[in-house]
Structure formats: structure tokens, C-alpha cells
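Only one structure is covered here, and it is reproduced in the block below.
The values are calculated or read from the model by the stated rules, or taken from the named source; none is laboratory data. These figures come from a predicted structure and were not determined experimentally. Cβ sites come from the backbone with ideal geometry, for glycine too, and all protein chains shown count toward neighbours.
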């Protein structure tokens, strides 16, 4: 336990001294925050509330990027070897990585929530508990994904390529950048297989509709399930030494982490629950904008949009 | 054997098709500085890393402080200290933070303050790791190896890549530890290091121990000869020089006679007697004792640092 605590403290300290961390984990999230809430959300409360979910989701998901890079760098430079010859265990290293990540994400999230309330007058943040449950589960699961990426790549270059390959679909097909309801129908269907989609949707429901954490049990349960799987897998595949080869079974094991969201994706594609929810939220957001500046209305390209007139603006 | 702190029996380790260690055996007593001397790629580091619990062995038996590194890695790591080869610390970790962090991992601890003082790092306590010089980094590595007041220390190539001045600094530190009767296993490919620091040395080549003993024993056992170089006021014939006591070989180099002697004291006495009888005089005399390098050449036909 003490190893875990002192490693967590070290990781937080090192991150705060790192310029890259400062840029990617503090500057970038606030650029997104003001860009989305101010520009896309037109600085109106309903618009800002609608885009706060994707902003928080991006914030939380970004944790895998820096984490995988740090672990690979630690391994390449022989830093992990030094820990290996001390009584530090694999779980000490991995758990401290995840917890340090969470501790570093929370202040940004808290600050963003404060600004959303104070500057953009988002007054639907009644369920803060639900928001923090999602932040915690999201950070833990995506940080664990970062740990797996670190285990199955050998060099920093490989890691960054894989990070890109994972990041792009996660942010573009999930509703984290463009609203899910705004994407082509086929893309929406593909998005239902991604963990990011559920995180974005859960955030939006909790923020816009003050949904409780309990009512979002599908998203939360599947993310928890995925987090446990990926963390367990990262324990199995962890390598202290750059020379240690990636085991052949690694690919199979990594593929197995897709199972929770594969099953959920099939289910959701049949029920269309998430798609309906995201369309309702999107329509409500548009109605709110319509009432202000009708000319700036975005059009819904997908078929079964809910009639905006049923959802009067608040 | 008395108090064997560390025992290795028929250790074998493969990497794929490559046999890195091929049946290495030795034991290290408490309070002894034991050297593993050999060229790069001889299997020294692999052997040490198995002892530290960093690598698994293929066959053989290993015990460190009475513990099997594969069965009780956590207990073992509480008892050992190590300065590894090709290792590093995070760039933005300060010296004092590194010592405190690593001290926190152990049940038995030394005060980081005392280690800073002892290793001359007091002024660098708040310096980032990436701002330290090579010698300072190595001193920190040695200090970190001592944070848990270990029973056995492993120093893997502790002076590799350091300039001669810094190397001597590191020697002083290791000699001090030797005086404190620390048990140390040291790998090196520097002859000087093995001769100066080690009580006993195992010479390793191609994954096997080819000789083991005190540096003195090794040199006499290998039949290594002492080089006696003399300059005389008048020339003598090679035949006469070769007949001096203990001399096995004579060569003339730049007007000097280079004698290879198995018994240098007798050789010199008989040389002086001969010169007195001939009315000849000794102009200069140089004696070079054999080194472990000569032992290595004798046994393998190669130089150590090829």
C-alpha cells in the first residue's frame, strides 16, 4: 500500500513538472471547453450544457494518451528496471498510474464545471455525484486502455501510431466532437460499438437531463466491466524490460476486451435506445438555439429525428 | 564453505537459440567482494540479473541470503541493493525525492540525509536527475542501492562509460564499502577494477566460469610471468640472459632486455651477480607484475577487450 501511495505521489509530481502534460491536460481541455460551449453552444445555457458532456468525455478519454507514452518511455529508458529490482510490484506501478491520472483529471473537471455554471449559466448540474462517478469510471477505464497500449507496443513511435488509430474513431464516431445525431446513420450504428459513445451519452444525460448515476446503469456497468477487463489484461501483459517479447497470445487477449462493447453494441443497435436519447438531446439543443437565432440552426441529416416542437426550450 | 551469502550451482540461461549462461557455479561469502570479470556478452549481466530476481533461470540452483529469487522475489528484494546497467530515473525527479521514494519501498531503511552526505550529493539534493553529470548519476545509483541497508549489493559495471577521474571516485566508494565488510557482487570488464576491488574473481567467457580465485591465485595458477625490463651499460648476449634463474623468455626491445620471469626475486639476484662478475652495470630496472588480462589471454588466447 505504501509503495502504491508513494508511486502515485511521484507520478503526480512528475506530471506537474512536464510541459507536455501542461499543454495536453490543462491548456487543450480549456481550449475545447471554450470552443465547444462558447462557439458551438452559442454561449447559451442549453447549448453549453449540451456540449459540456462531450468536453468532459474528451477530457476523461485523453488519459490513455499520456499514460501509454509515459509507461513506454519509462520502459525504454530503463526506469522500470530500476523499480523492478526494488520491492515494487506490477500492480503498484499500474494502479498508481491510474490513480495519479484520476487525481490529475479531477481539478480540470471541477474547474470546467465551475466555469460552466458561472460563465455559461449551465444550471442543470443538479447531479454532481453522477458526473463524478462518470469521470472516475471513464478515467479509470481509459487509463487502463493506455496501460494495455503500452504493453503491446515496443517503441514510442509504435505507441503514438496506435494512440492515433484508437483516438480518431473514439472522438469522431462517438459524438465527442460532432453530435452523434448529426452523423450519418451508418456511422451512428458503428459508434454504438465504441465505449466513448456510451461515456458521451451518459455525460449528456446526466448534465442536460440531470439523470442519476443509477439510471445510467447500462453505460456504467459496461464501462466498469471494460475497465476491469483492460486493467486485468494490462497486469498480464506488463513488461518491465524493453527486451521482453510481447507474448503471442497478447493479440487474442486484447481482442477479448472488445467483448463488452461488442455485445452492448449489438443490443443497442436492436433497441436504438442510445440513438433515440442522443437525438432527443440534440433536438432539444437545436430548439433552444432556434428560439434565439433561427438562422443558425443545424440540420439533422439522419432519418428519424424527433420533432423539435415536442421539446419546448427551457 | 562458511557463511555463503549467495550460491549459484550450474546456472543455465538461454535466449532463444543463444546460450547466454552455460553452467555457471560459484558462491560468495559474507563480507566478501566478489567480481565477475569477462568481456561484453560473456553472461555476467544475465547471471547477476537472475540473482536479483529480474530474470528467470532455465536450469540450475540459485540462492541469495538463503532465498530463491524465483520463489520469494519480494522477500529477496527487501534484502538486496543494486546498481544496474542501462537504467535511469525520470528526468524531472530530484535527487532527494529519488532517495526518499526508494527508501519508502523498504521495511529497513537508511536515512536519505546520511546517504546524501556520504555520497557527496548534499549540494545536489534538489537537482533534477537529467541535470546531473555522469559521475553524479552513478553516485546516486550507488546511494540508492544502499537505501535499505542491504545484505548483498550488486554492482553491474559500476564504472562503464565514466571518465578515469570519476572512475577513481567510484573505486573509493566501493573500497569504503569493502572495509565495512559489505557483501558485494561486482561485474566488470575492466582488469584494474577486478584486481583493485575484489577479494575473489570469477573470470567468465562465453557463459562459463573459466577461472576462479583471488586475483593473486589466478595469476600464479595461470603461470603468468612477471615482466622484468632492464637496461645495461654494456650489451649481454640473449643466451646468457635466458639462463638466468626463473627466466622463460627474453627479447631485446629498443636496446632494453625484456625478461619474462616466473620467479622475479631470484631472477634479479642472479642478474645482479652475473653483472658484478662481468663488470657490467644496471642502468635501469622496471618490473611489471602480471595482470588478470594476462590470465585471460593465457586461458582464451584473446584479449579481454576485443
Given the conditions (1) within 17 Å of residue B:201 (Cβ to Cβ); (2) without any contact (Cβ under 8 Å) to a residue 12 or more places away in the chain, and given that residue B:18 satisfies all but one, which numbered condition is not satisfied?
(1)
All-but-one check, residue A:31 against (1) modelled with pLDDT of 90 or more; (2) in contact with a helix residue (DSSP H, G or I) (Cβ under 7 Å, 6 or more places away or on another chain); (3) more than 14 Å from chain B (Cβ to nearest Cβ), failing number (2)
Residues in region A:130-152: is at least one more than 13 Å from the chain's Cα centre (by Cα), under 14 Å from residue A:29 (Cβ atoms) and more than 14 Å from chain B (Cβ to nearest Cβ)?
no
Residues in region B:19-34: is at least one farther than 16 Å from residue A:86 by Cβ and within 14 Å of chain A (Cβ to nearest Cβ)?
yes
Does residue A:177 meet the test of being under 22 Å from residue A:31 (Cα atoms) and modelled with pLDDT of 90 or more?
no
Take region A:79-94 and flag every residue that is more than 14 Å from residue A:6 (Cβ to Cβ), buried (at least 19 other Cβ atoms within 10 Å of the Cβ), in contact (Cβ under 8 Å) with a residue 60 or more places away in the chain and within 13 Å of another protein chain (Cβ to nearest Cβ).
A:80, A:81, A:84
So, in region A:163-184, how many residues would count as being in contact with a helix residue (DSSP H, G or I) (Cβ under 9 Å, 6 or more places away or on another chain) and touching a residue at least 40 places away in the same chain (Cβ under 8 Å)?
14
Considering residues of region A:208-250 that are free of Cβ contacts under 8 Å to residues at least 12 places away in the same chain and part of a loop (DSSP other than H, G, I, E, B) only, the residue surrounded by the fewest Cβ atoms within 10 Å (Cβ to Cβ)
A:248
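Looking at this structure, is residue A:97 farther than 16 Å from residue A:122 by Cβ and either in contact (Cβ under 8 Å) with a residue 24 or more places away in the chain or within 14 Å of chain B (Cβ to nearest Cβ) (or both)? Before you say what the answer is, go through the steps one by one.
On the way: farther than 16 Å from residue A:122 by Cβ: yes; either in contact (Cβ under 8 Å) with a residue 24 or more places away in the chain or within 14 Å of chain B (Cβ to nearest Cβ) (or both): yes.
Yes; evaluated as a whole, the condition is true for this residue.
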Collect the residues in region B:259-282 that are farther than 12 Å from residue B:247 by Cβ and touching a strand residue (DSSP E or B) at 6+ places or on another chain (Cβ under 9 Å), keeping them in residue-number order.
B:272, B:275, B:280, B:281, B:282
Going through region A:11-28 in order, the residues found to be within 14 Å of chain B (Cβ to nearest Cβ) and closer than 16 Å to residue A:100 by Cβ are A:11, A:12, A:13, A:14, A:15, A:16, A:17, A:18, A:20, A:21, A:22
How many residues of region A:6-41 are surrounded by fewer than 20 Cβ atoms within 10 Å (Cβ to Cβ) and not in a helix (DSSP H, G or I)? The answer is 2
Go through (1) surrounded by fewer than 19 Cβ atoms within 10 Å (Cβ to Cβ); (2) in a strand (DSSP E or B); (3) out of contact with any helix residue (DSSP H, G or I) (no Cβ under 9 Å at 6 or more places or on another chain) one by one and return the number of the condition residue B:251 breaks.
(3)
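Has region B:256-267 got any residue that is touching a residue at least 12 places away in the same chain (Cβ under 8 Å) and assigned to a loop (DSSP other than H, G, I, E, B)? Lay out the reasoning, then the answer.
The first filter runs over region B:256-267 and keeps only residues touching a residue at least 12 places away in the same chain (Cβ under 8 Å), leaving B:256-264, B:266-267.
Going one step further and asking which of them are assigned to a loop (DSSP other than H, G, I, E, B), we end up with B:262-263.
Yes: one or more hits.
Could you tell me whether region A:47-68 includes any residue that is within 12 Å of chain B (Cβ to nearest Cβ) and either in contact with a helix residue (DSSP H, G or I) (Cβ under 7 Å, 6 or more places away or on another chain) or more than 22 Å from residue A:110 (Cβ to Cβ) (or both)? Full working, then the answer.
Keep residues of region A:47-68 that are within 12 Å of chain B (Cβ to nearest Cβ), which gives none.
No: region A:47-68 contains no residue that is within 12 Å of chain B (Cβ to nearest Cβ) and either in contact with a helix residue (DSSP H, G or I) (Cβ under 7 Å, 6 or more places away or on another chain) or more than 22 Å from residue A:110 (Cβ to Cβ) (or both).
Among the listed residues B:179, B:167, identify the single one that is crowded, with 18+ Cβ neighbours inside 10 Å and under 30 Å from residue B:115 (Cβ atoms). Walk me through it before giving the result.
Values: B:179 fails: crowded, with 18+ Cβ neighbours inside 10 Å.
Checking each option against the conditions leaves just B:167.
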Counting only residues that are in contact with a strand residue (DSSP E or B) (Cβ under 6 Å, 6 or more places away or on another chain) and surrounded by fewer than 22 Cβ atoms within 10 Å (Cβ to Cβ), region B:10-19 contains a total of 2
Being within 23 Å of residue A:41 (Cα to Cα) and at pLDDT below 90 narrows A:116, A:196, A:211, A:202 down to just A:211
Is at least one residue of region B:43-64 within 14 Å of another protein chain (Cβ to nearest Cβ), surrounded by fewer than 19 Cβ atoms within 10 Å (Cβ to Cβ) and on the phi > 0 side of the Ramachandran plot?
no
